[in-house]
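Asks: Before anything else, here's the structure in question.
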Amino acid sequence: MSNIGSYEERVKNFNWKISEDELSYNAGDVINIGWYCSDRICQMGKADKLAMIWEGLGGKEKKYTFDDVRIKSNVIAQFLRDLGIKNEDRVCLFMDKIPELYFGCLGILKIGAIAQPLFSAFGDESLHVRLENAETNTIITQKKHVSKVRKILEKMPYLKHIVVVDDDGRKPLRERELAFNMDEAEDVNQFEIFPTKAESPSILHYTSGTTGQPKGVKHVHYSLISQYLTTKWVLDLQENDIYWCTADPGWVTGTSYGIIGPWSLGITQCVLDTGFGADSWYRFIEKNKISMWYSAPTAIRSLMKAGDEVVEKYDLSSLRHLASVGEPLNAEAVIWSEKVFGLPFYDTYWQTETGSMMICNFPGMKVKPGSMGKTVPGVTGGIVDPETFEEITEPNKGGLIAFRPGWPAMMRSYWNNEETYQSKFKNGWYIPGDKSTIDGDGYFWFMGRDDDIINTGGHLVSPFEVESALLEHESIAESAVVAKPDMVNMEVVKAFVTLNAGFKPTEELELEIMNFIRKRLSPLAMPQEIEYLEKLPKTRSGKIMRRLLRAQEWGEEIGDTSTLEDD
Ligand code: WTA
């Protein structure tokens, strides 16, 4: 029996109080995600239950019970409090998927500070703009990433502490750097958790914008109410499940459903801190008897590409439910998974801004391969006309996805950017910026984004950020960045550039520019191809027309070009 039972019944009788009651929360109470994910689970008699099975490079394994999670997060919380970090200070987590990242997140929340997780593959420039925007007070990182922080230190006077969690004392630490060893620190059994309330800020996730710098999406502790219930009803996590969320907590899936969801339910989860590999992933499932697996379409397509024979080498019979998020899950991938695993991947749709799942395929519901499913109970959603923002009720007609605001995990603002935040609301709807149709049965079918943001392997990349970074290269005069189709990643970054006088459009230069972006931004943002042009297509007012270049890449109709510059 699935946790949700009948989707239709749940929708009919829905009230967020269901989740509040299960979490014994009453309006006005203290609510702290750090406490809910550790102390409360221990108080419920699960102190000795495994919370995390972690595996790193070379098969190195570590296991932690919920009591360990409670104590380790207390240790980090105490360390941060002793440093003088206060509630609402921003503390950045800049680490690989090591245990300190997970316990650090809860520790930050326990002192009422705001956790700012950033993907550890970010280069110095990506890191800088996000730390600068949030005026981050402290960064927790690893030896291998500290050089990126050192590079930008001068530009960050507000950054007071750089905490290195794996310092071995071999090289002297520099100004503002501190060593901290979670395993050698003395246990902190009792910790006075900061009494955060429903609207106290919790996590600040940065997401890419089309035109400006990345935006800090501010979430609050009350988000737990949505995250807990959707984990229970959509991922269907049950007491004896062994859960694996493949997402990195540098992105929202890795916190909402890679920390908060499973641990607030007291579920054992696995973390694999190595890169992708079909063999290593299947082996991980077999070894840990993973039963519920939440992943992303790019990973599924990569597994498909690796072939069915690899699947057959492993015993994957422990799997009982699969789900996916982050980018369009094509019908072929769902059909393939049904064939090889005997289970379809259940697609889920949501965003950093929504904080929790919005449109999903629910256990027990008929899966239509290629569809994102239906709105989550408690969420009112539909599609609206892009001009009038009036709801479109006619089936199979395209429009913008829209949700009525009010679910608990909704972002509360963009950090220091109220104007952009307000611009996301139209005619009483929150507009996430995606296009879809809805069929006669209420299923959503994703059509595409309504902006130029590139979704590569489930990670959003801003063309603006890449274009700006390209201009920093001495050879580049102008740049335009668009998505280019890709079999596995769906989209990859492609750059069109014009060169400054004296530079030749060579292959060496192309490689040099690619590397330049990889280092400054990240491997995800690195263009997979650079095309040299004599001049970029522009409107009469001088705006570069990405739309045209994108259409060319996708073999689409170019559309209205009447505003194009005359030759
Ligand atoms: C896209 C990730 C198609 C969409 C949780 C959205 C999807 C953006 C799906 C959010 C899906 C997410 N099908 N597209 N099931 N899920 N997207 O903020 O464009 O990193 O707006 O959050 O990814 O990406 P974000």
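Asks: Across region 421-441, which residue is farthest from the chain's Cα centre (by Cα) among those that are exposed (fewer than 14 other Cβ atoms within 10 Å of the Cβ) and not in a strand (DSSP E or B)?
Replies: GLY440
Asks: Hey, among the residues in region 200-210 that are surrounded by fewer than 24 Cβ atoms within 10 Å (Cβ to Cβ) and within 16 Å of the ligand (Cβ to nearest atom), which one's modelled with the highest pLDDT?
Replies: Result: THR207.
Asks: If you don't mind, there's one more thing I want to ask. For region 316-329, which positions are within 10 Å of the ligand (Cβ to nearest atom) and more than 17 Å from CYS245 (Cβ to Cβ)?
Replies: PRO328
Asks: For the structure I just gave you, tell me whether THR393 is within 16 Å of the ligand (Cβ to nearest atom) and either without any contact (Cβ under 8 Å) to a residue 40 or more places away in the chain or under 30 Å from GLU286 (Cα atoms) (or both).
Replies: When the stated conditions are applied, THR393 does not pass them.
Asks: Where in region 1-103 are the strands (runs of 3 or more DSSP E), entirely inside, with at least 3 residues that are surrounded by 14 or more Cβ atoms within 10 Å (Cβ to Cβ) and free of Cβ contacts under 8 Å to residues at least 60 places away in the same chain?
Replies: 61-65, 90-94
Asks: With region 447-520 as the region, which strands (runs of 3 or more DSSP E) entirely inside it contain at least 3 residues that are touching an Asp or Glu at 6+ places or on another chain (Cβ under 8 Å) and surrounded by 15 or more Cβ atoms within 10 Å (Cβ to Cβ)?
Replies: Answer list for region 447-520: 454-456, 476-486, 490-499.
Asks: Mind counting the residues in region 340-357 that are more than 8 Å from the ligand (Cβ to nearest atom) and either among the charged types (D, E, K, R) or touching a strand residue (DSSP E or B) at 6+ places or on another chain (Cβ under 6 Å) (or both)?
Replies: Here the count works out to 5.
Asks: Okay, moving on. Any residue that is touching a Leu at 6+ places or on another chain (Cβ under 6 Å), under 30 Å from SER19 (Cα atoms) and at pLDDT 95 or above - is there at least one of those in region 384-393?
Replies: Taking every residue of region 384-393 in turn, at least one turns out to be touching a Leu at 6+ places or on another chain (Cβ under 6 Å), under 30 Å from SER19 (Cα atoms) and at pLDDT 95 or above.
Asks: Do you know which of the residues in region 459-513 that are within 16 Å of the ligand (Cβ to nearest atom) and among the β-branched types (Val, Ile, Thr) is farthest from SER126 (Cα to Cα)?
Replies: So the residue we want is VAL488.
Asks: Does VAL334 satisfy being within 13 Å of the ligand (Cβ to nearest atom), touching a Ser or Thr at 6+ places or on another chain (Cβ under 7 Å) and among the hydrophobic types (A, V, I, L, M, F, W, C)?
Replies: In short, no.
Asks: Of a type outside the set (Phe, Trp, Tyr) and crowded, with 19+ Cβ neighbours inside 10 Å: is that true of ARG320 in this structure?
Replies: no
The values are calculated or read from the model by the stated rules, or taken from the named source; none is laboratory data. As the structure is a computational prediction, the values presented were derived from the model and not from experiment. With ideal geometry, Cβ positions are generated from the backbone for all residues, glycine too; neighbour counts draw on all protein chains shown.
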